[in-house]
1. Could you figure out which of (1) touching a strand residue (DSSP E or B) at 6+ places or on another chain (Cβ under 9 Å); (2) more than 30 Å from N539 (Cβ to Cβ); (3) surrounded by fewer than 19 Cβ atoms within 10 Å (Cβ to Cβ) isn't true of E335?
2. Let me confirm something: among V523, V544, V534, V553, which residue is in contact with a Leu (Cβ under 8 Å, 6 or more places away or on another chain) and open to solvent by less than 10 Å² (accessible area, probe 1.4 Å)?
3. Of all the residues that make up segment 778-796, how many are in a strand (DSSP E or B) and of a type in the set (A, V, I, L, M, F, W, C)?
4. If you go through segment 414-433, how many residues are modelled with pLDDT under 95 and in contact with a helix residue (DSSP H, G or I) (Cβ under 6 Å, 6 or more places away or on another chain)?
5. If I ask for residues that are open to solvent by 20 Å² or more (accessible area, probe 1.4 Å) and of a type outside the set (A, V, I, L, M), which ones from segment 33-55 would you list?
6. Looking at the structure I just gave you, is I747 farther than 28 Å from F588 by Cβ, outside any helix (DSSP H, G or I), open to solvent by less than 40 Å² (accessible area, probe 1.4 Å) and in contact with a strand residue (DSSP E or B) (Cβ under 6 Å, 6 or more places away or on another chain)?
7. Can you name the number of the only condition in (1) open to solvent by 10 Å² or more (accessible area, probe 1.4 Å); (2) out of contact with any Pro (no Cβ under 9 Å at 6 or more places or on another chain); (3) under 19 Å from L167 (Cβ atoms) that V353 fails?
8. Enumerate the pairs (first residue in segment 655-679 and farther than 11 Å from V757 by Cβ and at pLDDT 95 or above; second residue anywhere and among the β-branched types (V, I, T) and assigned to a strand (DSSP E or B)) with beta-carbon separation below 7 Å, excluding pairs fewer than 6 apart on the same chain, so at least 6 apart or on different chains.
Amino acid sequence: MKISSHRNMKHLTLTVLVGVLLFGCESGIPSRDLNQNGKIDIYEDNSLPVDQRVQDALSRMTLEEKAALVVGKGFSFGAPVGVTKDKVPGAAGNTHPIESLGLPSMVLADGPAGLRISPTREGDENTYYCTAFPIETLLSSSWDTELVKRVGVAMGNEVKEYGVDILLAPALNIHRNPRAGRNFEYYSEDPLLAGKMTAAMVNGVESVGVGTSIKHFAANNQETNRMVINTVVGERALREIYLRGFEIAVREAQPWTVMSAYNQVNDQYASENHDLLTKVLRDDWGFEGLVMTDWFAGKNVAQQMYAGNDLLMPGGNQQVEAIIKAVNDGDLSEEILDLNAGRILAILFRSPVFFDYKYSDTPDLKAHADIARKAAAEGMILLKNENQTLPLQSASKTIAAFGNTSYKFIAGGSGSGDVNEAYTISLVQGLEGAGYAIDEDLRSVYETYMVEEEANQPEPENMFMLKPPVPEMKVSRALARDNAKIADIAFITIGRNSGEFADRPIEGDFYLTKTELDMIDTVSEAFHAEGKKVVVIMNIGNVVETASWRDKVDAILLAWQGGQEGGNAVADIIKGEVNPSGKLPTTFPVKYEDIASSKNFPGVELSDKQVMSSAGFPMGVESEVVYEEGIYVGYRYFQSFDVPVAYEFGYGLSYSDFEISDLKLSETKFMDDITISVKVTNTGETPGKEVVQLYLSAPDGSVNKPASELKGFTKTKVLQPGASEVVKIKLTADKLASFDSSTSAWIADAGTYTVKVGNSSSNIMETGEFDLASKLVVEKTSRALVPSRSINELKP
């Protein structure tokens, strides 16, 4: 197959080639003679438009240089974290320099919870720790885009000051199933919430002058056979659920880069999928940056170039040679290669390394730890609080801390989402810092047990994988009774971790182990017999079952994985320094079988033979997963099919109470947009914040619709007792629309729409209605990503 120009070469217009609207020019920064020829050439002149400079640079490059530019410099499995040893040890990879033009190499590094580089360097006594910020699921639990943007600014500062050009984050795949190993890296089961959080993070990081790479594009929702799995999904479900968040991020933030996913999407690898990377991403959404592969993704380099995947990472000489051969053999047009290389040059001309930025290697880690602590507390969720168990009114109380994780808090998940931080504050450290006394005898029992058990732990299979967790210590009735007589209250911490290469098992992970359940029973029985209370702290990165044991305890705080300051953030909430205001970004079901995707996750294996990568390592077994649930993911399924849940999407308690009232619609007949306003009043006795969530129920029409869908949200300022704030949320036409696969268009059916406003998807406090007089075609799109087979999708 010859891969050449396409659609009247419209993608070779240099405006699209380098995204002039995105990058503009850097006229305020002095130009340098990079190639040392005694003058400032066009590509070196920062005062000129980027398209002109890119064209000039391409005209000076050989075929071999262009082929090298679109392929990364390689990867070494022996490195502690990554490979860029010459500049930033532990970074994930870098681009090829073009020495004839004096163009430098860009450094790329993980990841979603903070910069991931090596904390130590050979022959250097200094340390290079980074801040472990809260996981993305916790950040989205804040429902606070301004807060997430501030986290992004801090994260971007560390990226820049450690000499990195592009952060390989944020990640925004959908929480399709709670077993997915990397859900902690992702924001939500809802694409609107995920997209808004991603846009906020991108705008924060990139405001510092470094790039991001939103990932993994697209339908990368499992770790099992992730590099070869064929995701078979309907066009509507793709557009509305799995692509929508990316679309929001692209339209609202224009990230420097997008990372294509490992998996196949409807029979074609994402990095080789022209429909995905060109028709949808660039034609429909107007993306102006570059696309890079995930590490070692895809097979056919010429097809990757044609599809619009500009940069192959981590790269290898064989890929460079394959591209050169494809051009020379007429299988790949050099015009396409120019397009790919030009997009990389446009990003390079924007990067810190191009301007020879003098990075310090000393970002303000203390200030960033303060931001991490605040963000962690804002995203923790109070799931239960019987009889005002929390906050603890007196700091003089003695706490009996049960559970291994009380003494070794989990900051974040494993793999590329991990961070090499200087410390992690445990629960007991945080509580002690807040002035509480910890039962020392119990602490000694746990610490002795954990030292002994950790000595017997096997090493992980590779640097990205987790060690097996230390088995939870069994709590005897005698130990519980003894502590119940001494301590004032019991805390039980349930810990979970996950990461790359493996999805979570159902038993012993989604469901608590027998030892954990016995611990809850034993401790609760002993402390309740003494008239004392029990609090469960959930230090987890992913959803677990709660319905079978939640009634046995007095309070439950979902702390997620709060980064290095997690223990301090929990203590801030326990003490009442912070009034919890987090809300669930994903549903907690009653049991695993209640989840729509439980019937097909993680797919079926079609062979028992490992597929090998071009680098010679196994990628997984040929397999496929069919998204038979269609658009009915998360609360869209539970509500539409009347399936009870343990804790609904958007749920979260406060130490105060809030009333949402006085709903007003700016119009009752939809024309271009409608603004909805409500008054939020703190009717309790504690200052706090409330999240206002707007859901929309659509009339019956040409496509089936969920019972309701999140269409907007906002978070109030801190409201004093008795104080009120009027908040407004705007509904535009795109918020009304569903994707009609038969016409490749976003359409809104005529009829009456119901606006529902509350503080969770179930707790609706105000409703209103408006009419759409006639069917509205909001946007026509490319005909793309159509599955080759019919899918028997769920319908209410």
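The values are calculated or read from the model by the stated rules, or taken from the named source; none is laboratory data. All values reported here derive from a predicted model rather than from experimental measurement. When we count neighbours, we look across all protein chains shown, and the Cβ atoms used for this are built from the backbone with ideal geometry, even at glycine. Side chains are part of the model used for accessible areas, which takes the heavy atoms of the whole protein and leaves out ligands, DNA and RNA. Shrake-Rupley method; radii C 1.70, N 1.55, O 1.52, S 1.80 Å.
1. (1)
2. Just one listed residue meets the conditions, V544.
3. Here the count works out to 1.
4. Result for segment 414-433: 1.
5. D33, N35, Q36, N37, G38, K39, D45, S47, P49, D51, Q52, Q55, listed by residue number.
6. yes
7. Condition (2) is where V353 drops out.
8. So the pair list comes out as F658/V680; F658/T681; E659/T681; S666/I674; S666/T675; E667/I674; D673/T732.
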